[in-house]
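The values are calculated or read from the model by the stated rules, or taken from the named source; none is laboratory data. This is a predicted model, so every value here is computed, not measured. Cβ coordinates were reconstructed from backbone atoms using ideal geometry, including for glycine residues, and neighbour counts include every protein chain displayed.
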Amino acid sequence: MMSIKTPQETSADFFALPSAIQWSNFADAIEQAKIVQSFSNSIIVTVSTVLLVIICASTAGYAIARYYQIKSLRMYQLLLLASMMLPFQTIIRYIVCFGTFHCLIHIQV
């Protein structure tokens, strides 16, 4: 109910119904928060990221499938599949902490 009241009605009585519905409050909120610009930025980033991932994944998949008979690529595919089984956070924690005493304490706990 607060979103369709005028500022004067809101400060006068919190629980009262509005005398007239103020739809312009929604337009003002959209304009001040720059929602249209944020939405368009999100669309641009999402579309470009999806296109880049599709291009990279398809070329990598083609290379792995084409030369699958080579032993080193089979090992690479096994490593790739194994890395998908582990969450990124578990891998990066040990890479960042590698070789520090503080990290050894956290590993044992």
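Among the candidates A60, A29, single out the residue that is at pLDDT 80 or above and closer than 30 Å to M2 by Cα.
A29
So G61 fits all but one of (1) within 30 Å of Q77 (Cα to Cα); (2) exposed (fewer than 10 other Cβ atoms within 10 Å of the Cβ); what number is the exception?
(2)
From the residues in the stretch 72-92 that are within 18 Å of A57 (Cα to Cα) and not hydrophobic (A, V, I, L, M, F, W, C), which one is nearest to the chain's Cα centre (by Cα)?
S83
Does the stretch 76-109 hold any residues that are surrounded by 11 or more Cβ atoms within 10 Å (Cβ to Cβ), modelled with pLDDT under 70 and either in contact with a Phe, Trp or Tyr (Cβ under 9 Å, 6 or more places away or on another chain) or not in a helix (DSSP H, G or I) (or both), and which are they?
Matches in the stretch 76-109: C103 only.
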